[in-house]
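Here is the structure we will look at.
The values are calculated or read from the model by the stated rules, or taken from the named source; none is laboratory data. Keep in mind that what you see is a predicted model, and the values were worked out from it rather than measured. These area figures cover heavy atoms from the full protein model, side chains too; ligands, DNA and RNA do not enter into them. Shrake-Rupley method; radii C 1.70, N 1.55, O 1.52, S 1.80 Å.
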Amino acid sequence: GDPSSKFKTKTVNDNLSPTWNEDWRISCEETASLKFSVWDEDFGKSDDFLGEVTLDSASIFPNGFAGEVLLLNSGQGTEAMLSLKIDVRMPQPEEEEIDAFEEEAASSISDGGFITAP
């Protein structure tokens, strides 16, 4: 995956507890971390930073993540939370790789050898 990949949700207007319910698909290594930054968009003014959180790979892999996380740097005396659900889908081997492995396994077994999965 591209470490500089960024996704932006749609703006939810006039709501103090917005819900986005948006899905994105990314491809990344199992060592990747995900950073979430939350901003308040005001028409005619600059956006206000509301907080951020980074989930490291141990929090995400292999089973995903579901729950609330505390946003850091959200302002003195402010406790802001972000609710997240992250599903992890591991890539499946290509059919060609499976076919090649089955052929190699068959020839190795007929020669009396052993083979292990890649």
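Accessible area per residue for region 1-62, computed on protein heavy atoms with a 1.4 Å probe, is 85 Å².
Give me the percent of accessible area attributable to carbon and sulfur for region 31-94, probe 1.4 angstrom. Mind dumping the intermediate values first?
Details: 2360 of 4760 Å².
After summing per-atom areas, the C and S share lands at 50 percent.
Given the Cα-Cα distance of Glu29 and Phe7 and 0.36 nm per residue of separation, how much length would full extension add, in nm?
Contour length minus the Cα-Cα distance gives 6.2 nm.
Given all pairs of different Cα atoms, what value in angstroms does the Kirkwood hydrodynamic radius of region 1-74 take?
Numbers: mean 1/r = 0.0702 Å⁻¹.
Its Kirkwood hydrodynamic radius stands at 14.2 Å.
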